[in-house]
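A short write-up of the structure that comes next.
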Amino acid sequence: YFGTSTLTGLDSFQEVVVKIERPTYNKPFLGGFRNISTGVEFHNAGSQTKPKKRPDKGIQLFCKETQTVVEKNKQQQTRNTTSTQMTKIGLYVSNMTDKLITPGKYFTAEEYHKRRLEAVIVLQKYFRRWHAINLVQNLKEQKRLRLALEAEEELQKKKEKEDKLRREYEKKLNPKTKEDFELLYHDLELWMQEETERINRTLTGAERKAALCALLDEETQLIACIGMHKLDANVENQQKSILHLLDKCAQPRRWKAYDGKITEMDTQNSLRGKELLEIYQSISTKDLPKDERISVLLTLKCIVKEHECKLTQEIVALIDREVDFMSREVKECNLEGLRKRICTLFLQYIKIPEFNPAVAGLLKVPQDPLKLYKNVYLCHSCEKYLTAAEFLIPANSRTIGRCRSCYQLDNEARQREAYFKYRLILENLRESEVGYQDDSKIVFLVQLPDLQYLIEKVWNCQSALSACSDLYDLVMVRWDKRREWSPWNTILLTKEEADAHLKLCDLQKTYEAPFIYRIEQKHIRAKNYFAQIPAMSSFLHRSNNQDNASSYKKCSFSK
């Protein structure tokens with residue numbers, strides 16, 4: 001304890017007792033400095049007052065101190081203390097489980113590594129054997145799958161060929177379309193040629209003439225039979241075309257939304273077309289009960305009376321006449337002509353846009369007569385004025401010539417060629433070109449006679465690779481797939497060969513030079529033939545420029 005004085009007022013002091021606590025531990029050295037001139041050392045010091053005592057809250061608190069430990073990992077070899085016990089006086093130890101160990105032959109490190117190498121070689125030998133067995137099994141499995149796939153493809157081809165022959169037989173047995181009758185006339189011509197050749201080869205003189213006359217009579221009978229089938233097919237096809245036209249009038253408006261869903265909307269015109277379609281189907285149906293027939297006729301009469309004209313008046317008069325005949329119990333067979341007249345007049349009623357607005361865009365003959373003068377040409381054979389779509393213009397033709405119907409009639413009377421196979425090749429070619437989406441145009445300028453000339457005269461009706469002559473299996477594809485199809489950029493192959501050809505990237509490396517030369521010669525023949533078309537001149541000029549540019553690049557690269 002020591003005393004000190006403090007100033008309490010003006011010139012007055014008061015002594016205060018100050019208590020100093022001495023710590024029981026040495027304070028740490030906090031640094032300092034030494035005066036150079038005097039040599040006195042001064043140390044840094046620190047002090048800490050007692051913290052303020054916290055007020056007691058009446059809750060018992062516990063404090064716990066923790067201290068982290070610094071750990072170090074160090075490997076060391078520990079001692080293993082063992083002991084043995086031997087037999088001695090007063091102690092017996094059994095030796096039944098003891099083993100006699102004798103030292104083996106000592107081998108050096110070189111011998112040890114040699115043994116390890118031999119063991120590794122044995123392991124490698126067994127592993128390679130296992131790997132080879134797995135590899136062979138995988139190859140066998142792949143071979144089995146490949147053979148099974150080839151057998152399945154062969155079976156599929158055989159089945160498709162049988163189905164194709166069966167469909168051809170059915171078409172010839174029950175012809176319905178123009179292609180079916182083309183096949184019939186083509187088979188008739190082949191049969192006539194075979195029979196004529198046989199008669200000329202086996203008979204002479206009067207017997208030959210008699211046989212040829214009998215053959216001509218038989219051909220005439222067959223042509224008459226085909227003509228009867230054609231009339232029946234025309235009636236059936238006409239009825240189908242009428243129903244197809246009416247069904248188009250009754251179709252609702254459709255459009256695709258941004259999410260791909262199709263939206264349909266029935267308009268006033270489509271509802272009108274649907275109503276007229278239902279009435280036409282009802283009045284054209286045979287063997288209807290009497291009450292239903294009268295009900296349909298009365299409904300038709302109410303619809304027709306909405307428009308007053310000469311045609312509707314005639315329909316109403318015919319309906320009244322049929323109702324009168326039915327009330328008098330007239331036989332059904334005697335009413336067929338009257339009912340056909342009603343159907344025909346009602347069909348004329350449906351085809352008038354004023355009564356059926358939906359049919360305006362489906363009629364072949366436009367309502368405005370001025371439109372007929374823009375795209376109408378005269379057929380010099382049948383002397384009819386027809387649209388340009390009704391004319392088949394070959395590449396070597398410089399005039400309009402004959403229409404499609406006259407070409408077909410001339411073919412049935414003289415050549416009797418079947419264009420069905422060429423039509424299939426042209427359709428497949430156009431469909432494949434549309435898939436490229438590169439604005440191909442030449443394929444749509446080529447007509448059926450042009451494609452026939454290209455296949456028969458240029459490519460000899462056979463594949464350029466396998467010489468397959470079955471036109472059903474042949475397709476035309478691009479020779480260079482980077483350029484659009486043209487008669488001078490095409491090749492005739494089978495379907496399998498075409499798939500493999502389109503996968504090639506470099507034709508010069510894949511095909512041999514003589515084969516490429518033959519293909520180029522065929523392309524030159526095609527160019528000479530199609531150069532007669534004025535519309536092809538621009539495409540030929542552009543193709544020549546591309547060929548010149550490519551040849552210049554090849555020459556510069558070789559240099």
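Taking all Cα pairs closer than 8 Å and separated by 6 or more residues, the relative contact order of the chain comes to 7 percent.
Calculate, for Gln508 and Leu212, the FRET efficiency according to 1/(1 + (r/R0)^6) with r their C-beta to C-beta distance and R0 45 Å; round to the nearest 0.05.
Values: r = 57 Å, r/R0 = 1.27.
Computed FRET efficiency for Gln508 and Leu212 comes out at 0.20.
Residue-wise HN-Hα couplings along segment 259-267, as the Karplus relation 6.51 cos²θ - 1.76 cosθ + 1.60 with θ = phi - 60° gives them from phi, are 8, x, 7, 8, 10, 10, 9, 7, 9 Hz; Gly and Pro carry x.
In this simple spin-label approximation, Val17 and Cys309 carry label points 7 Å from Cα along the Cα→Cβ vector, and these lie 13.9 nm apart. In this label model, Lys384 and Leu147 are separated by 6.1 nm, measuring between points 7 Å along each Cα→Cβ vector.
Considering only alpha-carbon pairs that sit under 8 angstrom and 6 or more positions apart, the relative contact order computed for segment 264-363 is 32 percent. Taking all Cα pairs closer than 8 Å and separated by 6 or more residues, the relative contact order of segment 149-286 comes to 17 percent. Neighbours of Leu135, meaning other residues whose beta-carbon lies under 13 angstrom from its beta-carbon, give a summed charge of +3 when Lys and Arg score +1 and Asp and Glu score -1. Entry comment: accessible area of the chain is 78 Å² per residue, from protein heavy atoms only and a probe of 1.4 Å. Of the labelled figures [x] 160, 101, 78; [y] 90, 74, 41; [z] 83, 47, 39, only one reflects Cα extents along the principal axes in Å as derived from the coordinates, namely [x]. Positive contributions from Lys and Arg (+1) and negative ones from Asp and Glu (-1), summed over other residues with Cβ under 15 Å from the Cβ of Cys505, come out at +3. Exceedance of the 23 Å cut-off in Cα-Cα distance is limited, within the set Lys172/Lys286; Lys157/Lys457; Lys290/Lys331, to Lys172/Lys286; Lys157/Lys457. Summing +1 for each Lys or Arg and -1 for each Asp or Glu among the other residues whose beta-carbon sits under 10 angstrom from that of Leu454 gives +1. Phi angles across segment 86-97 convert, under the Karplus curve 6.51 cos²θ - 1.76 cosθ + 1.60 with θ = phi - 60°, into 3J(HN,Hα) values of 10, 5, 8, 5, x, 9, 10, 10, 5, 10, 5, 9 Hz, Gly and Pro given as x.
What a 1.4 Å probe finds exposed on the chain is 54% carbon and sulfur by accessible area, rounded to a whole percent.
The values are calculated or read from the model by the stated rules, or taken from the named source; none is laboratory data. The structure presented is a predicted model; accordingly, all values stated were derived computationally and were not measured. Neighbour counts run over all protein chains shown; Cβ positions are idealised from the backbone, glycine included. We work out accessible area using only protein heavy atoms, side chains counted, and drop any ligands, DNA or RNA first. Shrake-Rupley method; radii C 1.70, N 1.55, O 1.52, S 1.80 Å.
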